Amino acid sequence: FSLSYGTGTLGYSREEFLILQMVGVLAFGLFIPVAAVLADRFGMRKVMVGVSIGIALFGLILAPLLGSGNVVGVLGFLCIGFALMGMTYGPLGTALAAPFPTAVRYTGASLTFNLGGIFGASFAPYIATWLASTYGLHTVGYYMIIAAVITLLAFGFIRQTAE
């Protein structure tokens, strides 16, 4: 979504925006091991709940950062957004494996990850583009808040395991 919005609405060239995205992706990569270490120290559930709350809060600042159109705001949007996404990947394996018994844990985690990507994440850019073009950029932030709340509710249904 952000590449399309940055090049289409904000007027960045594809090359300019891809450089900004690469910096954001560095934040993604750097925060994966940070989240993994935090999950080892404090537990997967606490980290994932904290990150989900962070994503909800990020939904509130998405429009002011990305919509600012200036390089600092856009780069802040990309770095914070990618860092939060990276924070989900550190403990994600444990979160996806926790609900399944040992005999089917690998299959359950794999199916959950892939089906979630197909039916959840694959539609997100289209939904975000439609929301931004129809109702304004702020609604994309609300969409993220709703997704974070759904995630928080889902963590209420994942059985507690020894962490």
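Here are a few things to note about the model shown:
- What segment 1-148 shows is 55 Å² of accessible area per residue, with the surface traced by a 1.4 Å probe over protein heavy atoms.
- Think of it as helices only: each DSSP H run of n ≥ 4 in the chain is worth -39500 (n - 2.57), and spread over all residues that comes to -27500 deg cm²/dmol at 222 nm.
- The stretch between residue 53 and residue 153, if pulled fully straight at 0.36 nm per residue, gains 34.8 nm over its current Cα-Cα span.
- Under the Karplus curve 6.51 cos²θ - 1.76 cosθ + 1.60, θ = phi - 60°, whole-Hz ³J(HN,Hα) for segment 122-135, x wherever Gly or Pro sits: 5, 8, 4, x, 5, 5, 4, 5, 5, 4, 5, 6, 8, 10
- In the chain, the portion of solvent-accessible area held by carbon and sulfur atoms comes to 73 percent [1.4 Å probe, whole percent, DNA, RNA and ligands not counted].
- Using alpha-carbon coordinates, inclination of helix 44-66 to the longest axis of the chain, degrees: 10 degrees
- Heavy atoms of residue 12: accessible area, 1.4 Å probe, square angstrom to 10: 30 Å²
- Between the Cα long axis of helix 138-155 and the first principal axis of the chain there is an angle of about 0°, rounded to the nearest 10.
- Overall dimensions of segment 59-99 as given by Cα atoms, namely Rg and Dmax in Å: 13.9, 44
- Rg and Dmax of segment 1-93, both derived from C-alpha coordinates alone, stand at 14.2, 44 Å.
- Cα-based shape type of segment 97-152, given that a ≥ b ≥ c are square roots of the gyration tensor eigenvalues and the cut on a/c is 1.5: oblate
- Relative to the globular-protein estimate of 2.2 N^0.38 Å, the Cα radius of gyration of segment 1-157 stands at 1.09.
- Acute angle (nearest 10 degrees) that the helix 71-97 long axis makes with the longest principal axis of the chain, alpha-carbon atoms: 20 degrees
- Size descriptors for segment 37-78 (Cα atoms only): Rg and Dmax, in that order, 13.7, 38 Å.
The values are calculated or read from the model by the stated rules, or taken from the named source; none is laboratory data. Quantities reported herein were computed from a predicted structural model and do not represent experimental measurements. Only protein heavy atoms, including side chains, enter the accessible area calculation; ligands, DNA and RNA are left aside. Shrake-Rupley method; radii C 1.70, N 1.55, O 1.52, S 1.80 Å.
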